[in-house]
1. Scanning the stretch 58-91 for residues that are open to solvent by 10 Å² or more (accessible area, probe 1.4 Å) and small (Gly, Ala, Ser), which turns out nearest to residue 232 (Cα to Cα)?
2. Is it true that residue 222 is among the acidic types (Asp, Glu), at pLDDT 95 or above and either more than 19 Å from the chain's Cα centre (by Cα) or over 12 Å from residue 68 (Cα atoms) (or both)?
3. Considering (1) within 30 Å of residue 210 (Cα to Cα); (2) surrounded by 14 or more Cβ atoms within 10 Å (Cβ to Cβ), say which one residue 94 fails and leave the rest.
4. I'd like the full set of residues that are open to solvent by less than 40 Å² (accessible area, probe 1.4 Å), in contact with a strand residue (DSSP E or B) (Cβ under 8 Å, 6 or more places away or on another chain) and over 21 Å from residue 76 (Cβ atoms), limited to the stretch 103-140.
5. For the stretch 141-166, what are the residues that are among the polar types (S, T, N, Q), open to solvent by less than 50 Å² (accessible area, probe 1.4 Å) and farther than 18 Å from residue 59 by Cα?
6. Mind listing whichever residues of the stretch 92-113 are under 24 Å from residue 171 (Cβ atoms) and either within 17 Å of the chain's Cα centre (by Cα) or among the aromatic types (Phe, Trp, Tyr) (or both)?
7. Please determine, by comparing only the residues of the stretch 203-243 that are of a type in the set (Ser, Thr, Tyr) and either on the phi > 0 side of the Ramachandran plot or not in a loop (DSSP other than H, G, I, E, B) (or both), which one is surrounded by the fewest Cβ atoms within 10 Å (Cβ to Cβ).
8. Please find, within the stretch 93-114, the residue that is modelled with the lowest pLDDT out of those that are acidic (Asp, Glu) and part of a loop (DSSP other than H, G, I, E, B).
Amino acid sequence: MDLYTKLKGGASWRKQMPKLAVLLGLSDKMPALFNMTGGFVNIREAVGKVEGFLCTVEIQRAIPILAKAYGDSMHKILHVGPDTCSVVSKLLKEKETEASGVEPYDIEDADRNCKALLKKGIVPVADIKFPLPYRPKSFSLVIVSDALEYLSPRYLNKTLPDLARVSIDGLVIFTGSPGHRKAKVSESKYGRVAKMRSSSWWVKYFVQTSLEENEATIKKFEHAATKMSYVSKCQIFYLMPFH
C-alpha cells in the first residue's frame, strides 16, 4: 500500500495525520501536507513531494513559463512520468492544447479522472525501456519527469533517443539532482533505486549520445522565469529533436 492510500484511507485519517506522519518518519513534512489555515492541501500533490515525484509536481508550476519559451510548440504535448494524469489534466485546461501521457508504472489508485484518461487511451501504461507506441514526430513537444532516474545507462541509451524521436520541436527533461532525497519505496516499486545525476553528468551524456541542448529555448525560459519569479526545484534540460 502506497503513502497516498495510507493517508486517504479511513474516516478519521485527518485526526490521525500527526501520528501517521511520525510513524512514517514524515513529521518534518507536515508543512507540505497542511496549508496555513490548517486545512489539507491537494493530497496527491503533497504526497508527490514526499514520495519523490517532486519534478512531476514541478511541471505543473512551470507550464506558464514553458508556454512562453516554446510558444506554438505547446499545442500538442506528450508527458512521460508518474502521476501523468495530473499533468495531462492541467495541460488540457490550457487554450488550444492537446495533451497525452505515458504512465511508466502501474497505477494502483487511479481517481475517476485518471480512469477516464486511461479508458480513452489518452494515458496508456507503458514500459519506457521499450519503444513508445507512437510514430516519429507525433508530438510537438515531449516532457519527461521522475522517470529517467530509474533507468540504468543501458536502457537510458534507448529511451532518451526514442523520446526525442516522437518529438517535432524538442524534449524537456525535469529531473532531480544529487541533493534530492528519493523515497525508499522506489526500489521495490520501480525495479531499481533512483539514480540522481548531476548536471555535468547529463551534459556529458548528451554530448556522447549526440543529443543537443536548445540554447535559444534555454534563454527564453530563463527570461520568462525571471519575469515571473519562478525558481525550479528540479534540474531542467531542453533538448533539440532528432532530424
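1. Among residues in the stretch 58-91 that are open to solvent by 10 Å² or more (accessible area, probe 1.4 Å) and small (Gly, Ala, Ser), the one nearest to residue 232 (Cα to Cα) is 67.
2. Working: among the acidic types (Asp, Glu): yes; at pLDDT 95 or above: yes; either more than 19 Å from the chain's Cα centre (by Cα) or over 12 Å from residue 68 (Cα atoms) (or both): yes.
Criteria met by residue 222.
3. Every condition holds for residue 94 apart from (1).
4. The answer is 105, and nothing else.
5. Filtering the stretch 141-166 down to residues among the polar types (S, T, N, Q) leaves 145, 152, 157, 159.
Now restrict to residues that are open to solvent by less than 50 Å² (accessible area, probe 1.4 Å): 145, 152, 159.
If the condition is that a residue be among the polar types (S, T, N, Q), open to solvent by less than 50 Å² (accessible area, probe 1.4 Å) and farther than 18 Å from residue 59 by Cα, then 152, 159 are the ones that fit.
6. So the first thing to find is which residues in the stretch 92-113 are under 24 Å from residue 171 (Cβ atoms), and the list is 92-105, 107.
Within the stretch 92-113, 92, 99, 100, 101, 102, 103, 104, 105, 107 meet the criteria.
7. Within the stretch 203-243, the subset of a type in the set (Ser, Thr, Tyr) is 205, 209-210, 217, 226, 229-230, 232, 238.
Checking which are either on the phi > 0 side of the Ramachandran plot or not in a loop (DSSP other than H, G, I, E, B) (or both) leaves us with 205, 210, 217, 226, 229, 238.
Working: 205: 16, 210: 9, 217: 20, 226: 11, 229: 6, 238: 22.
Looking at residues that are of a type in the set (Ser, Thr, Tyr) and either on the phi > 0 side of the Ramachandran plot or not in a loop (DSSP other than H, G, I, E, B) (or both), I get 229.
8. To start, the set of residues in the stretch 93-114 that are acidic (Asp, Glu) comprises 94, 96, 98, 103, 106, 108-109, 111.
Pick out the ones that are also part of a loop (DSSP other than H, G, I, E, B) and you get 94, 96, 106, 108-109, 111.
Values: 94: 89, 96: 88, 106: 78, 108: 74, 109: 77, 111: 88.
So, considering only residues that are acidic (Asp, Glu) and part of a loop (DSSP other than H, G, I, E, B), the one modelled with the lowest pLDDT is 108.
The values are calculated or read from the model by the stated rules, or taken from the named source; none is laboratory data. Everything numeric in this text was worked out from a predicted model, so none of it was measured. All Cβ positions, even for glycine, are placed from backbone atoms using ideal geometry, and neighbour counts span all protein chains on display. Protein only, heavy atoms only, side chains kept; ligands, DNA and RNA dropped before computing areas. Shrake-Rupley method; radii C 1.70, N 1.55, O 1.52, S 1.80 Å.
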